[in-house]
Amino acid sequence: KHALTPPRLKTMKQQGARIAMMTAYDYPSAQLSEEAEVDVILVGDSLGNVVLGYDTTVPVTLNDMIYHTRAVMRGAASTMIVTDMPFATYRLTPQETLRNAARIMQEGGAHAVKMEGGAELSDEIKRLTEAGIPVLGHLGLTPQSVLQIGGYKIQGKAEKEIEKLLSDAKALEAAGAFGIVLELVTEPIAEAITRAVGIPTIGIGAGRGCDGQVIVYHDLIRYGSNIRDKRFVKTYADVGAAIRTAIGEYVQDVKTGAFPEEKHGFPLDGDSARLLEG
Ligand code: KIV
Ligand code: NA
């Protein structure tokens with residue numbers, strides 16, 4: 001099995017084959033995603049929220065992203081891996097952005113990077129793609145700007161917002177992005193963007209009309225104490241509850257002496273056991 005490539009993803013769009021993307025942050029989540037035949041793994045800076053316990057993705061560093069990408073790469077050697085460029089490691093000069101993206105590729109092992117934003121990123125995306133770094137765009141709700149936006153709001157309602165989303169999507173395609181994540185965008189607008197561009201759109205909270213979907217690992221399996229119910233998430237398992245129960249039972253077993261049992265220990269064999277007699 002070979003990792004998917006940007007041209008292959010475009011072909012999938014043309015053929016109407018939906019793209020299943022999900023986040024992973026470490027070796028086991030990557031391995032399980034690859035075993036489940038996920039098309040693309042996103043090492044999202046959402047790891048700031050779900051793995052590192054921050055309130056936003058703003059504190060996540062380039063080194064955090066590289067560190068987690070390395071673990072993911074070891075777990076999913078045959079899957080396309082896209083890594084988020086974290087807050088303020090782009091929107092710089094194209095040269096600085098290229099240097100940061102190159103570290104994610106070379107030190108982390110990602111096949112592509114993702115950046116939040118629209119037409120204003122055109123020069124940087126051109127520079128990266130010319131240098132051989134595939135770039136995935138990200139429009140709609142862009143969490144790195146949450147302090148500026150003032151909350152996690154649905155995008156693509158007001159007329160001006162809609163026009164900007166459409167022109168940004170076209171600008172990303174023109175700059176060379178190989179796809180666009182659409183986060184928290186109204187369904188009709190996500191659908192319109194999907195029709196308007198030749199590159200695949202990957203939705204999260206963007207309705208049914210996108211070429212693919214992405215979901216956060218911890219949301220999908222309800223893993224973590226800070227995972228809240230969200231309208232756009234479908235929960236497939238309650239792993240958090242299973243872990244909480246398991247740890248609770250372990251604590252009880254240790255307190256009562258129910259664990260360990262004889263079978264969990266290692267007896268001496270044969271002759272040496274006699275040393276302890278008498
Ligand atoms: O960081 C992330 O997980 C993301 C997805 C939600 C698209 O950017
Ligand atoms: Na992200």
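Please work out if S46 is away from ligand 2 (no atom under 16 Å from the Cβ), in contact (Cβ under 8 Å) with a residue 24 or more places away in the chain and hydroxyl-bearing (S, T, Y). Against the criterion (away from ligand 2 (no atom under 16 Å from the Cβ), in contact (Cβ under 8 Å) with a residue 24 or more places away in the chain and hydroxyl-bearing (S, T, Y)), S46 does not qualify. Considering the stretch 65-86, and only residues there that are in a strand (DSSP E or B) and not hydroxyl-bearing (S, T, Y), the residue that is farthest from A3 (Cα to Cα) turns out to be D84. Any chance the stretch 204-211 includes a residue that's surrounded by 16 or more Cβ atoms within 10 Å (Cβ to Cβ), modelled with pLDDT of 95 or more, part of a helix (DSSP H, G or I) and of a type in the set (D, E)? No - not one qualifying residue is present in the stretch 204-211. Of all residues in the stretch 115-134, those that are within 12 Å of T97 (Cα to Cα) and either assigned to a loop (DSSP other than H, G, I, E, B) or within 15 Å of ligand 2 (Cβ to nearest atom) (or both) total 4.
Can you name every residue in the stretch 43-56 that is hydrophobic (A, V, I, L, M, F, W, C) and either part of a loop (DSSP other than H, G, I, E, B) or more than 11 Å from ligand 1 (Cβ to nearest atom) (or both)? Answer for the stretch 43-56, where residues must be hydrophobic (A, V, I, L, M, F, W, C) and either part of a loop (DSSP other than H, G, I, E, B) or more than 11 Å from ligand 1 (Cβ to nearest atom) (or both): V51, L52.
Do the conditions hold for T89, that is, is it in contact with a helix residue (DSSP H, G or I) (Cβ under 6 Å, 6 or more places away or on another chain) and either assigned to a helix (DSSP H, G or I) or more than 16 Å from ligand 1 (Cβ to nearest atom) (or both)? Here the answer is no, as T89 does not meet what is asked. Give the residues of the stretch 2-42 that are closer than 15 Å to G179 by Cα, in a helix (DSSP H, G or I) and not basic (K, R), sorted by residue number. Listed by number, the residues that qualify are P6, P7, L9, T11, M12, Q14. Quick one: which residue in P94, P86 is closer than 24 Å to E130 by Cβ, away from ligand 2 (no atom under 14 Å from the Cβ) and either in the same structural domain as L141 (by TED's automatic domain parsing) or crowded, with 21+ Cβ neighbours inside 10 Å (or both)? Result of the check over P94, P86: P94.
Yes or no, residue by residue, for (1) away from ligand 1 (no atom under 16 Å from the Cβ); (2) in contact with a His (Cβ under 9 Å, 6 or more places away or on another chain); (3) in contact (Cβ under 8 Å) with a residue 60 or more places away in the chain:
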{"position": "G109", "(1), (2), (3)": "yes, no, no"}
{"position": "A119", "(1), (2), (3)": "yes, no, no"}
{"position": "D123", "(1), (2), (3)": "yes, no, no"}
{"position": "T129", "(1), (2), (3)": "yes, no, no"}
{"position": "V135", "(1), (2), (3)": "no, no, no"}
{"position": "T142", "(1), (2), (3)": "no, no, no"}
{"position": "V146", "(1), (2), (3)": "no, no, yes"}
{"position": "G150", "(1), (2), (3)": "yes, no, no"}
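The values are calculated or read from the model by the stated rules, or taken from the named source; none is laboratory data. In this text the structure is predicted, and so the values were computed from the model without any measurement. Note that we place each Cβ from the backbone using ideal geometry, even for glycine, and neighbour counts take in every protein chain shown.
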